[in-house]
Amino acid sequence: MRLACILMFTLLISGCINRDEIYANPPAKLTESINAILPAATEYVKQQEKIAQEKGQPLNKQALAIAKRIGIKHPEKVHVYYSNTLPFPTDPTLAQLAKKSGYAGPNMAGYTYGYGIWIKNKERDNRELLAHELIHVRQFEQRGVQEQIRQYLMQIYIYGYNSTPLEIEAYSEAKNYI
């Protein structure tokens, strides 16, 4: 199963396949792979959200205004945790996916896990990044945690991190809210 997943991922990022068609009708093996790692991914997201909720701070007045303009239904639930490092999955399959897809790396500045946002300390004043992460909060609210994770994993496998529709949406909209 793991080898099939890696082979599928390699084919998908090679550029010789219509990714939109695959996303619309994912192969059974890919769906099985996503379903196999979904419990570990869900647990990971919930753990990181909990840490951000406990160690982070609620949105300030300015960030609350941005969150409301973005369309977040419950901006009061959002906490931002500023840290020197960002979390990385310990599950071997999730870790491998994070490395291969471009999800993890030294240039990453922030991640969103439900209502918990992690941002590197050096990006503390980056309002566009905060808006980007708040758009991910809206995506979580719209889909629910489980479906957001499923779609995000599917998109990472098919498009690679930088080209996922969820990331493109967040990147393209963020500048409208700063």
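Table for the structure above
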read-out: Net length gained if the chain between Ala95 and Glu173 were fully extended (0.36 nm per residue, minus Cα distance); value: 25.2 nm
read-out: R0 of 45 Å, Cβ-Cβ distance Phe88-Asn25: FRET efficiency to nearest 0.05; value: 0.90
read-out: Ranked list, fewest to most other Cβ atoms within 10 Å of each Cβ, for His132, His74, His79; value: His74, His79, His132
read-out: Sequence-separation-based contact order of the chain, relative, with Cα cut under 8 Å and 6+ spacing, percent; value: 27
read-out: Dipole magnitude of the range 67-120, debye to nearest 20 (Cβ charges: Lys/Arg +1, Asp/Glu -1, about Cα centre); value: 220
read-out: Taking all pairs of distinct alpha-carbon atoms in the chain, Kirkwood radius in angstrom; value: 16.6
read-out: Cα-Cα over 24 Å, subset of Lys122/Lys175; Lys55/Lys100; Lys50/Lys120; value: Lys55/Lys100
read-out: The range 79-151: trypsin sites (Lys or Arg not before Pro) falling in loop per DSSP and having at most 11 other Cβ within 10 Å; value: Arg124
read-out: Magnitude of the charge dipole, the chain, Cβ model with Lys/Arg +1 and Asp/Glu -1, debye to 20; value: 320
read-out: Given charges at Cβ of Lys, Arg, Asp, Glu: the chain dipole, positive-most of Leu64, Thr90, Leu134; value: Leu64
read-out: Extension gain, Lys68 back to Ala36 (0.36 nm per residue minus Cα-Cα distance, nm); value: 8.0 nm
read-out: Distance between modelled label sites at Gln47 and Asn126, nm, 7 Å Cα→Cβ extension; value: 2.4
read-out: Theoretical gain in end-to-end length, Arg143 to Ser163 [0.36 nm per residue, Cα-Cα removed]; value: 5.3 nm
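Just so you know, all these numbers are worked out from the coordinates, no wet-lab data involved. Please read all numbers here as calculations on a predicted model, not as lab measurements. Using ideal geometry, Cβ is built from the backbone for each residue, glycine included, and neighbour counts are taken over all protein chains shown.
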